[in-house]
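Single-structure report; data block below.
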């Protein structure tokens, strides 16, 4: 299983959501916080929020991919909110509306 770090793409929403929900599915706090939702409902909510989250200024999403299968096996959100870095460095060009 060779792994590779890549930029997260807008089209990775479903893989991101499934990885996120699976990662926190056994966490007691997460289970209590989302006790009224099924796994599929949590995934649907994550996918619904993905455009806004993906396009937030000062955030960069990276993913780890199994190069044999192309499967997303992990991801990270890196935030630069407390810096004076130009947010346009991280906001994906052409994919994000001006506001949500």
Problem - On Cα atoms only, tilt of 13-24 relative to the major axis of the chain in degrees - result: 50 degrees
Handout entry: Descending semi-axes in whole angstrom, ellipsoid equivalent of the chain, from the Cα gyration tensor
Key = 24, 19, 13
Practice task
Let me have the 222 nm mean residue ellipticity of the chain computed from DSSP H runs of 4+ only, each contributing -39500 (n - 2.57), with the sum over all residues rounded to the nearest 500.
Solution key: -11000 deg cm²/dmol
Problem - Cα-based helix-to-principal-axis angle, 39-55 vs the chain, degrees rounded to 10 - result: 10 degrees
Fill in the blank from the handout: In nanometres, the difference between 0.36 nm per residue of separation and the alpha-carbon distance of residue 41 and residue 83 is 11.6 nm
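Where a number appears in this text, it was derived from the coordinates with a stated rule and is not lab data. Keep in mind that what you see is a predicted model, and the values were worked out from it rather than measured.
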